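Each remark here refers to the structure printed beneath this line.
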Amino acid sequence: MKKAVFYVTVLLACSSCMNRQGNTQVVNMRCEYLYAPIGIDTSTPRLTWELDNQMETNVEQKAFQIGIASSRQALETGKADVWQSSPIASGRSFWEYDGGKPLVSHTKYYWQVTVWDNKQGKVTSRIDSFEMGKLHLADWKARWITDRQDKEREASPLFRKTFEVKKDVVSARAYVTAGGYFELFMNGKRVGENFLDPAYTHFDKRILYLTHDVTRLLEKGENALAAVLGNGWYNMQSRAVWDFEKARWRNRPSLLCELRLTYQDGTTDIIASDDTWKTAEGPYTYNCLYSGDKYDARLEAEGWTLAGFNDSAWSEAIITASPTAVLQAQQMPAIQVVEEIKPTLLRSFDNRIYVFDMGENISGVCKLAVTGERGTHFTLRHGELLKADGRLEQGNINVYYHPAKPGEYFQTDMFTLKGSGQTEEFTPQFTYHGFRYVEVECDRPVVLTADNLTGLLLHTNVEQVGQFRCSNELLNKIWEATNRSYKTNLHGIPTDCPQREKNGWTADAHVAIDLALLNFDGITVYEKWMRDMIDNQREDGVIAGIVPSSGWGYGDWPGPVWDAVLFIIPNALYNYYGDTRSIEQLYPTMMKYLEYLKGMEKEGGLLDFGIGDWLSYHAQTPTDYTSTAFYYLDNRLMARFAKLLGRDATGYEKKAEALKRLLNEKFFHAENATYANGTQTAQALALYLGIVPPDKEQAVADKLYQVVADNGFFLDFGLLGSKTVLPMLSRYGYDEAAYRMATQTEAPSWGYWVKTLGYTTLAETWTLSPEFRDASLNHVFMGSISAWFYNVLAGINYDPQQPGFGHVVISPHFIPDLEWVEASYKSVRGLIKSAWKRGENGSVTLTVTIPAGCTATVLADKEYHIGSGIHSFCL
Ligand code: BGC
């Protein structure tokens with residue numbers, strides 16, 4: 001590489017910055033990683049912020065001080081009447097309330113941070129807020145209610161309650177959840193924009209509740225609260241191999257709803273679910289996550305969500321036992337309609353069957369808008385493929401679905417018109433599907449156009465924080481497909497696929513964690529899922545391969561590689577966010593799990609059970625090698641966690657060392673620098689996990705290169721290789737080999753999927769069997785190539801020595817075939833960018849943006865140490 005010709009720091013002055021009082025601003029203030037949340041129930045909430053300074057470089061935060069008050073006015077007059085921290089000398093924009101004075105349920109708090117930087121001294125933030133939900137079970141006045149039906153009953157229960165508001169309301173909150181799913185209405189209006197709440201948990205152990213601000217939906221005089229419940233994971237109707245119908249928590253859906261009104265005069269009122277609520281059934285005749293929704297508009301009772309409705313024919317709701325031990329706030333983005341997609345109409349058959357194409361493989365549902373006679377029946381089937389004759393093919397995704405009840409069909413919604421003479425609209429409320437194609441069938445001839453159908457993209461609405469583009473369109477397409485696979489596999493938990501299973505497979509999520517966190521702000525979702533791990537663990541320390549699980553998937557398969565999720569994800573949250581909360585919460589779970597593994601050891605500590613490089617192409621990497629390697633990783637990470645929490649790490653350190661020794665004794669063949677049977681995965685995994693003796697690393701990497709070159713620069717691995725091979729080739733000087741592999745368009749390759757076959761998501765298997773059997777077209781677990789784009793092509797990396805991006809490592813690899821690369825990552829400390837492009841005479845210009853309050857090491861032609869600002873390097 002040539003010497004740096006010059007290196008300049010660029011200031012970006014804009015007129016709006018010039019008008020500000022000072023240059024440093026405090027921005028993106030969050031509580032529990034949420035913007036001004038309401039209804040949080042963490043007694044020690046975390047506050048974070050970012051510094052922004054577009055005018056100056058090398059901005060450092062020297063200290064900060066937090067003030068919390070009971071009102072905005074108090075803070076405005078300098079009175080932090082709830083809590084005033086002392087000034088804390090720290091460069092980190094993070095503070096955790098220590099609970100010095102207990103926070104009070106239902107109370108709104110205002111907070112402000114004062115920062116001292118090295119430029120202008122003192123900067124005070126604007127005032128932000130967070131509001132507590134219910135900190136104690138005793139805060140709940142509402143009772144769980146249901147109707148008198150059994151869990152096999154297919155129709156959904158409806159509930160309603162009318163009440164009078166006599167005084168002026170300043171604030172109204174609905175605290176609500178369900179065994180199952182709920183949709184809530186206030187005076188005829190749907191409350192909030194969420195779908196499929198509450199999120200999936202081990203319901204008998206923990207149910208999450210939502211807090212909605214309903215102030216503006218209330219009226220003076222008579223009001224009505226109404227709800228309809230769905231089954232979700234709580235009351236699975238259909239049969240499939242995972243035994244959900246046998247779930248220990250399975251029951252008829254139930255509702256918990258508490259409306260809290262605060263009046264202008266300071267008094268409060270509570271309208272709580274109890275046996276004065278009325279219940280009936282209506283048009284929601286069936287719903288199931290795997291099958292779909294059925295809605296018969298002829299059964300609608302006009303106005304049932306309004307105050308004036310005559311509910312005298314409705315029954316009284318009954319009080320039922322709480323289905324759960326713990327009620328906890330759902331502190332994460334909800335599942336929402338993120339995009340509306342207009343399909344194209346592909347073909348019609350007999351004027352009764354129409355096949356639509358969404359243009360991309362999505363997760364969600366369709367809204368059907370049609371007119372017709374009373375009793376006209378529409379069936380919407382969803383899938384990822386078409387048969388040769390243009391009809392829908394579900395064979396690749398329906399194999400594990402074994403419906404037992406009549407009228408159950410996979411990924412199929414059904415609507416019956418009431419024949420109002422107007423356009424009737426149907427949107428399934430209690431299901432989602434994974435699909436690109438929709439086959440709509442009417443029971444009588446009908447004319448449909450693309451205007452009749454709208455695709456609703458539904459997933460947990462995490463903010464996209466990463467952007468990547470480069471001069472190779474194929475890589476851009478792979479990046480997009482990976483992001484689409486990631487998002488469409490996020491529904492309260494990270495899932496394997498949105499159609500066939502919708503399961504929280506543990507390894508799928510941990511191999512995807514880097515692409516996940518580099519592209520999406522996912523901490524809240526993963527912290528929630530990590531708590532699900534605690535609930536999932538059995539007394540003997542085992543966790544299931546799917547989380548949550550009510551019983552299926554325990555035992556000694558899938559094994560240590562899958563279970564390593566317990567260590568890998570909390571570790572990733574620490575690296576990306578600098579936050580140790582998951583580590584603290586899971587520490588006892590991890591300890592217990594390691595005890596279990598100890599009991600499973602064979603001679604010398606070897607573990608020989610479980611699955612490993614799942615769905616590899618041809619080469620199989622031995623399981624005793626991969627399982628023992630992950631056992632080593634577990635212990636190494638555990639030692640790190642022990643040190644972080646101020647506990648004794650020696651036992652874990654020793655164990656890790658012993659396992660490393662064992663792995664080298666048993667699997668390393670020094671004479672040809674080969675691990676195990678020398679597959680791409682075996683070689684790369686040893687390097688990635690740091691098992692290789694330092695003086696042998698390059699030889700092992702050379703061997704990896706050789707294996708790849710001998711295979712014509714084609715991949716030959718499964719999910720473990722997909723995470724490790726590209727970065728290890730790049731780390732040890734084989735960028736071009738990695739790039740050749742990444743840009744192949746013949747099978748097996750990512751390019752084969754997205755270019756040759758035109759898939760818009762990543763598939764589960766490298767090639768699809770001709771019978772289409774058992775292979776989803778939307779799995780994210782081979783998507784780690786996206787992390788390679790950021791880490792290697794753009795070179796954006798966290799510094800494991802200083803987690804949370806207070807210090808950033810920028811180490812781009814200028815791959816000859818690429819003209820330019822641009823990536824940005826909105827880290828917890830602010831926006832990081834790395835962009836490079838080729839100029840004349842082989843020069844490269846690299847531009848790096850580092851947020852205020854952060855520093856970076858740039859590894860280009862040499863090592864540069866830079867502070868915040870925009871820096872240009874001509875190389
Ligand atoms: C899932 C995978 C999962 C695997 C483990 C499959 O059915 O879809 O993604 O990790 O099983 O056995």
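The values are calculated or read from the model by the stated rules, or taken from the named source; none is laboratory data. Treat the numbers as computed from the prediction; the structure is a model and nothing was measured. Quick reminder, even Gly has a Cβ in these numbers, built from the backbone with ideal geometry, and neighbours come from all protein chains shown. Heavy atoms of the whole protein, side chains included, go into the accessibility calculation; ligands, DNA and RNA do not. Shrake-Rupley method; radii C 1.70, N 1.55, O 1.52, S 1.80 Å.
Looking at region 467-485 only, could you name the residues that are of a type in the set (S, T, N, Q), within 19 Å of the chain's Cα centre (by Cα) and open to solvent by less than 20 Å² (accessible area, probe 1.4 Å)?
In the first step, residues of region 467-485 are kept if they are of a type in the set (S, T, N, Q); the result is 467, 471-472, 476, 482-483, 485.
Retained after the next criterion (residues that are within 19 Å of the chain's Cα centre (by Cα)): 467, 482-483, 485.
Residues satisfying the conditions are Thr482, Asn483, Ser485.
Restricting attention to region 376-388, does a residue exist that is part of a loop (DSSP other than H, G, I, E, B), away from the ligand (no atom under 16 Å from the Cβ) and either at pLDDT 95 or above or of a type outside the set (A, V, I, L, M, F, W, C) (or both)? Steps first, answer last, please.
If we filter region 376-388 for residues that are part of a loop (DSSP other than H, G, I, E, B), which is where we start, we get 376, 384, 387-388.
Pick out the ones that are also away from the ligand (no atom under 16 Å from the Cβ) and you get 376, 387-388.
Filter again for either at pLDDT 95 or above or of a type outside the set (A, V, I, L, M, F, W, C) (or both), leaving 376, 387.
Yes - at least one qualifying residue is present in region 376-388.
When the residues of region 187-205 are filtered to those that are under 19 Å from the mean Cα position of the chain (by Cα) and of a type outside the set (A, V, I, L, M, F, W, C), which remaining residue is nearest to Pro494 (Cα to Cα)?
To start, the set of residues in region 187-205 that are under 19 Å from the mean Cα position of the chain (by Cα) comprises 193-202.
Now narrow it down to the ones that are of a type outside the set (A, V, I, L, M, F, W, C): 193-194, 197-198, 200-202.
Numbers: Glu193: 21, Asn194: 18, Asp197: 15, Pro198: 15, Tyr200: 11, Thr201: 12, His202: 15 Å.
My answer is Tyr200.
Show the residue pairs that are 6+ apart or on different chains and have beta-carbon atoms under 6 Å apart, the first residue being within region 497-526 and farther than 11 Å from Leu573 by Cβ and more than 10 Å from the ligand (Cβ to nearest atom), the second being among the charged types (D, E, K, R) and part of a loop (DSSP other than H, G, I, E, B).
Filtered contacts from region 497-526: Asp521/Glu463.
(1) touching a residue at least 60 places away in the same chain (Cβ under 8 Å); (2) under 30 Å from Glu258 (Cα atoms); (3) in a strand (DSSP E or B): which one isn't true of Val115, the others all being true?
With respect to (1) touching a residue at least 60 places away in the same chain (Cβ under 8 Å); (2) under 30 Å from Glu258 (Cα atoms); (3) in a strand (DSSP E or B), Val115 is out only on (2).
Return only the number of the condition from (1) surrounded by fewer than 24 Cβ atoms within 10 Å (Cβ to Cβ); (2) over 10 Å from the mean Cα position of the chain (by Cα) that Trp505 does not satisfy.
(1) is the only condition that Trp505 fails.
Suppose we filter region 526-550 for residues that are surrounded by fewer than 22 Cβ atoms within 10 Å (Cβ to Cβ), among the hydrophobic types (A, V, I, L, M, F, W, C) and closer than 23 Å to Tyr577 by Cβ; how many remain?
2
Considering only residues that are modelled with pLDDT under 95 and either more than 25 Å from Ala155 (Cβ to Cβ) or buried (at least 22 other Cβ atoms within 10 Å of the Cβ) (or both), which ones fall in region 399-450?
Scanning region 399-450 gives Val399, Tyr400, Gly421.
Would you please name the residue that is least open to solvent (accessible area, probe 1.4 Å), looking only at residues in region 754-768 that are closer than 22 Å to Leu457 by Cβ and either among the basic types (Lys, Arg) or away from the ligand (no atom under 16 Å from the Cβ) (or both)? Don't jump to the end; show me each part of the working.
So the first thing to find is which residues in region 754-768 are closer than 22 Å to Leu457 by Cβ, and the list is 754, 757-764.
Now drop any that are not either among the basic types (Lys, Arg) or away from the ligand (no atom under 16 Å from the Cβ) (or both), which leaves 754, 757-760.
Values: Val754: 8, Leu757: 74, Gly758: 35, Tyr759: 41, Thr760: 28 Å².
Only one residue fits best here, namely Val754.
For region 630-659, which residues satisfy the criterion of being within 14 Å of Leu606 (Cβ to Cβ) and surrounded by fewer than 22 Cβ atoms within 10 Å (Cβ to Cβ)?
Hits for region 630-659 are Lys655, Ala658.
Test Ala572 against the criterion of being within 16 Å of the ligand (Cβ to nearest atom) and aliphatic (A, V, I, L, M), and give yes or no. Lay out the reasoning, then the answer.
On the way: within 16 Å of the ligand (Cβ to nearest atom): no; aliphatic (A, V, I, L, M): yes.
For Ala572, the condition - within 16 Å of the ligand (Cβ to nearest atom) and aliphatic (A, V, I, L, M) - is not met.
On the basis of being in contact with a strand residue (DSSP E or B) (Cβ under 6 Å, 6 or more places away or on another chain) and either open to solvent by 40 Å² or more (accessible area, probe 1.4 Å) or at negative phi (or both), does Ala138 make the cut?
Taking the combined requirement at face value, the residue does not satisfy it.
Taking interchain pairs and intrachain pairs at least six residues apart, which have beta carbon atoms under 6 angstrom, with the first residue in region 602-625 and of a type in the set (Asp, Glu) and the second within 13 Å of the ligand (Cβ to nearest atom) and outside any loop (DSSP other than H, G, I, E, B)?
Close Cβ pairs satisfying both conditions: Asp613/Leu720.
Out of Gln464, Gln537, report the one residue that is more than 13 Å from the chain's Cα centre (by Cα) and modelled with pLDDT of 95 or more. First the steps, then the outcome.
Numbers: Gln464 fails: more than 13 Å from the chain's Cα centre (by Cα).
From the options Gln464, Gln537, the qualifying one is Gln537.
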